[in-house]
Amino acid sequence: MANGSMALSRLQLLKPPHPSLSFLPTISSPPPRLLSPSCSLAKSFSARRLFCSKSDGPLEDSGAGESSPSIVGDLLDYLNESWTQFHATAEAKRQLIAAGFRLLNENDDWDLQPGGRYFFTRNMSSLVAFAVGEKYNVGSGFHVIAAHTDSPCLKLKPRSASSKSGFLMVNVQTYGSGLWHTWFDRDLSVAGRVILKASDGSYVHKLVKVRRPLLRIPTLAIHLDRTVNTEGFKPNFESHLVPLLATKLEAQVKSEEKKSSSISSKGVHHSLLLQVLSEELGCNVDEIMGTELNVCDTQPSCLGGGNNEFIFSGRLDNLASSYCALRSLLDSCKSPGALANEQAIRMVALFDNEEVGSNSIQGAGAPTMFQAMRRIVGCLAQEYIGEGAFERAIRSSFLVSADMAHGLHPNFSDKYEEHHRPELQKGLVVKHNANQRYATSAVTAFLFKEVANIHNLPVQEFVVRNDMGCGSTIGPILASGVGIRTVDCGIPQLSMHSVREVCGKEDVDIAYKHFLAFFQSFSDIDGKLSVDF
């Protein structure tokens, strides 16, 4: 059987075809590859119709009506393409270019015009995209949705090669606060980026993704750990959380490494692993000069549940928010005249490294977004000689910090504050915290909820119990950076930070509609409220 047919067969086992999907081709039809190296809207995830029961037609520009087709199928495509923060950024870049956005270089002079659509990437793991209203005036604000591209995962150590008891092992670091026990007994592989040496002596940055199961972290049999079900699974993350790659005699390993002049000869990575990477990249092993690789779960994202109402996937936190933000920006300015009456600048900012505190050149702790804002204002100001153009723009701006929220877990309802228990399928969650772990205020919550109210969209609210710690987001970091009004919100989910997470299909569409309505109507709503004057 062909590889594509085998992949499609496996997906049919994951979920029986929905009765409404009887139009699907039979398994004998030769489908394209399940995960193409460069997913496109026209040639994307081949089995997506197995997962999405709604129409895949174009979305209405209003985005608020119940008849709007679902974006869930496209989200599944995005999730299945975006195994790492690098792939998520590259796929966002591809979609922006396809939609007519112009790629900018941070090292070049910018030539921006009202009505223009632009974006840039940093480190190929963070991205800022924006569309300038045609009625832009100096001092007009930015309407921003910010999210993050990274998720808790295992990352290969700089020197990953090791051997134990006849196994080739791959040493890893824990990235973020993952539920690491969920990574055991999963079909894992590697993805990320590599630096290649070209024939002319230059160096090339490429992304790589090994789609087949390559690694596994086996659990210990219960016969050798009789108390695991009563006292809990308590692995040591340095010695027990090490994926196995293959079985091979140590003498054979040393013999192969001596034959190679690549980085494996220095004991950095197993030559077998580098060979797999070189085959995926279509290069020689000796051309691989450096790597930055994540360990990834190979099981595809899909719909699940008795009514196909759930999304089962890795990296929902926070790629679901990232995609809803990206898609809402694209659709808010795709039609002719969509920016004709807009004075503000619509923006999406996707950052890396939120899961480890955001303190990096590509994280929200860096001044990336605000430097871009200052450059945008300066470029559009042209002959303006007045005072404080950038500062006035920030005062008029509004930021939506979008990060996944804690949905009510039916088996642990006592972990939630009694009157703030967000439910799946009930809409976006506005997050509050008196100690400023979230940046939401009464004013910003009202404005964001008013967007939903006008467009008949449900909204929920969340505060953590007083006797429990509270997580945080990029919201407070960005809000305090230059004093931009901010609301923290998120799609409710279960199993946050697990290798396999859960959210509601309806919540994805509601979030998209809410973000789209924010871009299209916030200027009018904001103009009706006065606070400091």
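The values are calculated or read from the model by the stated rules, or taken from the named source; none is laboratory data. Everything numeric in this text was worked out from a predicted model, so none of it was measured. Positions of Cβ are backbone-derived with ideal geometry, glycine not excepted, and every protein chain shown enters the neighbour counts. Each accessible area value is taken on the protein alone, full model and side chains, heavy atoms only, with ligands, DNA and RNA left out. Shrake-Rupley method; radii C 1.70, N 1.55, O 1.52, S 1.80 Å.
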Checklist entry - ASP414 to GLU383: FRET efficiency via 1/(1 + (r/R0)^6), r the Cβ-Cβ distance, R0 41 Å, to the nearest 0.05? => result 0.05
Checklist outcome for this item: Carbon plus sulfur, as percent of the 1.4 Å-probe accessible area of the range 316-358, comes to 45
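Of LYS431/LYS528; LYS426/LYS513; LYS155/LYS209; LYS426/LYS505; LYS334/LYS505; LYS426/LYS449, which ones are farther than 18 Å apart at the Cα? Before the final figure, lay out each step's value.
Numbers: LYS431/LYS528 24 Å; LYS426/LYS513 13 Å; LYS155/LYS209 14 Å; LYS426/LYS505 10 Å; LYS334/LYS505 24 Å; LYS426/LYS449 14 Å.
Too far apart for the 18 Å limit: LYS431/LYS528; LYS334/LYS505.
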Next on the checklist: If every alpha-carbon in the range 325-380 counts as one equal scatterer, what log10 I(q)/I(0) does Debye give at q = 0.12 1/Å?
Outcome noted: -0.40
Checklist entry - Tell me, what is the FRET efficiency for ASN137 and GLN425 to the nearest 0.05, using R0 = 30 angstrom and their Cβ-Cβ distance as r? => result 0.15
Checklist entry - Dipole of the range 346-395 (Lys/Arg Cβ +1, Asp/Glu Cβ -1, origin at the Cα centre): which of CYS379, GLY363, VAL348 lies farthest to the positive side? => result CYS379
Checklist entry - Which FRET efficiency value, to the nearest 0.05, is calculated for ASN307 and SER202 with the Förster distance at 56 angstrom and r the Cβ-Cβ distance? => result 0.55
Next on the checklist: Can you compute the modelled spin-label distance between ARG465 and LEU103, with each label point 7 Å from Cα toward Cβ, in nm?
Outcome noted: 5.0
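Give me the 1.4 Å probe accessible area per residue for the range 492-532, excluding ligands and nucleic acids, in Å².
Accessible area per residue, the range 492-532: 32 Å².
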Item to check | Within the range 428-512: Cβ-based charge dipole about Cα centre, in debye rounded to nearest 20 (Lys, Arg +1; Asp, Glu -1) | outcome: 200
Next on the checklist: Taking 8 Å as the Cα distance limit and 6 or more residues as the minimum spacing, I'd like the relative contact order of the range 283-414 as a percentage.
Outcome noted: 17
Checklist entry - Using only Cα atoms, what is the ratio of the radius of gyration of the range 153-233 to 2.2 N^0.38 Å? => result 1.47
Item to check | For the range 191-236 and the range 103-145, distance of Cα centres in Å | outcome: 37
